[in-house]
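The values are calculated or read from the model by the stated rules, or taken from the named source; none is laboratory data. Not measured: the values here are computed from a predicted model. Note that each Cβ is placed from the backbone with ideal geometry, even for glycine, and that neighbours are counted across all protein chains shown. Areas reflect the complete protein model, heavy atoms only, side chains present, ligands, DNA and RNA absent. Shrake-Rupley method; radii C 1.70, N 1.55, O 1.52, S 1.80 Å.
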Amino acid sequence: MLVEVLEQLEKNPDRLADVQERFLHVLIDEFQDTNAAQLRLSHMIADHFAANNRPNIMAVGDDDQSIFAFNGAELNNMLHFQ
């Protein structure tokens, strides 16, 4: 489902802008358990043009609690987050 959402937002800039304006701040909890699609979607939503290349995104996680690797979670999402 996430892949379809990503594709639709990429194909339709107006829809992406609408979503970005609805969600001006993005908070990700349990960040250590995110997969690549979830991380990509969060950045797309948080990267509103008014953010001036400084997206309003915050992530909370604990690298000692990463348990969803079997489900595509990538601990590196958290370890390399800036």
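Would you mention how many residues in region 72-82 are surrounded by 17 or more Cβ atoms within 10 Å (Cβ to Cβ), of a type outside the set (A, V, I, L, M) and not in a loop (DSSP other than H, G, I, E, B)?
Of the residues in region 72-82, 1 are surrounded by 17 or more Cβ atoms within 10 Å (Cβ to Cβ), of a type outside the set (A, V, I, L, M) and not in a loop (DSSP other than H, G, I, E, B).
When the residues of region 23-42 are filtered to those that are touching a strand residue (DSSP E or B) at 6+ places or on another chain (Cβ under 7 Å) and not small (Gly, Ala, Ser), which remaining residue is farthest from residue 8 (Cα to Cα)?
Filtering first and then ranking leaves 31.
Results for (1) assigned to a helix (DSSP H, G or I); (2) out of contact with any helix residue (DSSP H, G or I) (no Cβ under 8 Å at 6 or more places or on another chain); (3) open to solvent by 100 Å² or more (accessible area, probe 1.4 Å), shown as yes or no for each residue.
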residue: 3; (1), (2), (3): yes, no, no
residue: 6; (1), (2), (3): yes, no, no
residue: 14; (1), (2), (3): yes, yes, yes
residue: 18; (1), (2), (3): yes, yes, no
residue: 21; (1), (2), (3): yes, yes, yes
residue: 32; (1), (2), (3): yes, no, no
residue: 38; (1), (2), (3): yes, no, no
residue: 42; (1), (2), (3): yes, yes, no
residue: 45; (1), (2), (3): yes, no, no
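Output the number of residues of region 47-60 satisfying the condition of being in contact (Cβ under 8 Å) with a residue 24 or more places away in the chain and either farther than 18 Å from residue 26 by Cβ or open to solvent by less than 40 Å² (accessible area, probe 1.4 Å) (or both).
Qualifying residue count, region 47-60: 3.
What about residue 58, is it assigned to a strand (DSSP E or B), of a type outside the set (D, E, K, R) and modelled with pLDDT of 80 or more?
yes
Yes or no: residue 69 on the phi < 0 side of the Ramachandran plot, open to solvent by less than 60 Å² (accessible area, probe 1.4 Å), of a type outside the set (Phe, Trp, Tyr) and more than 13 Å from the chain's Cα centre (by Cα)?
no
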